[in-house]
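What follows is a short report on a single structure.
The values are calculated or read from the model by the stated rules, or taken from the named source; none is laboratory data. Not measured: the values here are computed from a predicted model. The area values use the complete protein model at the heavy-atom level, side chains included, leaving out ligands, DNA and RNA. Shrake-Rupley method; radii C 1.70, N 1.55, O 1.52, S 1.80 Å.
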Amino acid sequence: DAELTFTDGQTFFTCFKQQQLEGVVDKWKALSSQGRIARTEHIDHTLSGTHLTNLHLSDSLVQFVVKARLQLVMCNSLLHVYYPESCERHCTRCGFFTETISHVLNGCGQSKTSIQKRHNRIADIVVKAIHEANPSSHVLADQIVKPCHFDSRESAEGFPDVRCTRPDACLINKEEKTCLIVEVAVPFDPFVHVCYQTKFDKYFPLCQRITDLG
């Protein structure tokens with residue numbers, strides 16, 4: 001209900017263009033499926049868009065990533081939107097109340113073995129790369145971290161007051177007195193920040209105990 005007067009054509013064009021763009025974004029966000037990614041605030045698109053520039057990926061994999069990112073993979077949650085009378089929303093494999101692409105790739109109990117294998121494969125690649133960049137460090141891969149790993153005079157029984165002592169990898173450099181804890185996670189985009197904080201809190205007590213050893 002506002003009336004605007006423009007004396008400069010360029011100013012009007014800029015204002016009108018911005019208005020139209022905002023309208024497109026609002027329409028995009030309102031979409032029940034594709035709009036989910038637009039409504040997510042915690043996605044770093046400079047990282048999550050690498051499938052568009054990585055030439056080593058096959059076309060079929062890129063297509064899958066794009067469909068998954070836009071929530072267009074034919075999971076029950078999407079089929080229920082299209083065919084509410086004939087398709088249920090729940091996961092037919094594990095019974096979870098909604099079958100989404102994030103549930104299938106990250107949370108379905110029936111896919112637990114495949115999810116674990118994917119995590120281990122990625123962890124192996126990451127740990128190998130980090131070790132090559134730190135050749136003077138001793139690597140504990142998927143092992144319980146104990147005080148004796150830092151000083152042979154310390155206990156070999158582990159840290160009794162710390163609950164989580166088995167990260168994906170621990171790189172120990174005794175000469176520089178440094179320790180790098182490596183923990184790998186494969187979260188869906190909207191949960192990256194939650195996953196990071198969870199992992200940080202999980203191994204913070206272990207970091208404190210290692211620091212106490214000097």
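Give me the angle, in degrees from 0 to 90, between the Cα long axis of helix 59-69 and the longest principal axis of the Cα atoms of the chain, rounded to the nearest 10. Its long axis makes an angle of about 80 degrees. The residues of the chain expose, per residue, 71 Å² of accessible area to a 1.4 Å probe. When ASP44, ASP1, ASP124 are compared by accessible surface with a 1.4 Å probe, the order from highest to lowest is ASP1, ASP124, ASP44.
Taking the longest Cα principal axis of the chain as reference, the axis of helix 9-30 is set at about 60 degrees.
Considering only alpha-carbon pairs that sit under 8 angstrom and 6 or more positions apart, the relative contact order computed for region 2-120 is 14 percent.
Taking θ as phi - 60° and the Karplus parameters 6.51, -1.76 and 1.60, the scalar couplings of region 167-172 work out to x, 4, 7, 9, 9, 10 Hz in sequence order, x denoting glycine and proline. Proximity of backbone amide H atoms, modeled 1.01 Å from N, is registered between VAL184 and ASP168 at under 5 Å, excluding neighbours fewer than 5 places apart on the same chain. As a length-normalised measure over Cα pairs under 8 Å and 6 or more apart, the relative contact order of region 110-202 settles at 24 percent.
Spatially close Lys pairs in the chain, defined by Cα atoms under 27 Å apart and a spacing of eight or more places or different chains, total 26.
For region 199-207, 3J(HN,Hα) computed residue by residue from phi via the Karplus equation (6.51, -1.76, 1.60; θ = phi - 60°) reads 5, 4, 5, 5, 9, 4, x, 5, 4 Hz, glycine and proline entered as x. Surface composition of the chain: carbon plus sulfur atoms contribute 55% of the solvent-accessible area (1.4 Å probe, protein chains only, all chains present). Here the relative contact order of region 50-142, from alpha carbon pairs under 8 Å that lie six or more residues apart, stands at 14 percent.
If you rank LEU213, LEU47 by how much accessible surface each has, with a 1.4 Å probe, what is the order from largest down?
Working: LEU213 60, LEU47 120 Å².
Greatest to least solvent exposure: LEU47, LEU213.
Helix content alone sets the calculated 222 nm mean residue ellipticity of the chain: runs of n ≥ 4 DSSP H residues at -39500 (n - 2.57) each, divided across all residues, give -14500 deg cm²/dmol.
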